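Notes follow the structure.
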């Protein structure tokens, strides 16, 4: 064993599950500035879900990308929220 908690196979399986169920979805960090998207899923555990929920970002919410350079900055319900790229990669959105 390599000592990892989650094997690469499990990560790929989850990623393919998200891709299959939301074929036109992508990580939040791939939206261009000015584009809007609806949050379809949040990958990760309770901790990241709680952090995003406290910022108003949860499944079903609509976001508008403000900046994707440096920290990812989005607008959610007229509030501006910034997050690191790693966190933004775990938010799966569909363009609207």
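Taking the alpha carbon gyration tensor of the stretch 24-95, what are the square roots of 5 times its eigenvalues, largest first, to the nearest whole Å?
In descending order, the three semi-axes are 16, 13, 12 Å.
Roughly speaking, what is the stretch gain from residue 59 to residue 73, that is 0.36 nm per residue apart minus the C-alpha to C-alpha distance, in nm to one decimal?
The span from residue 59 to residue 73 would gain 3.3 nm if fully extended.
Taking 0.36 nm per residue of separation and subtracting the Cα-Cα distance, what length does fully extending residue 43 through residue 85 add?
Extending this stretch completely gives an extra 13.8 nm.
Quick note: the coordinates plus some simple rules give every number you see, no bench work behind them. Note that this is a predicted model, so its numbers are computed, not measured.
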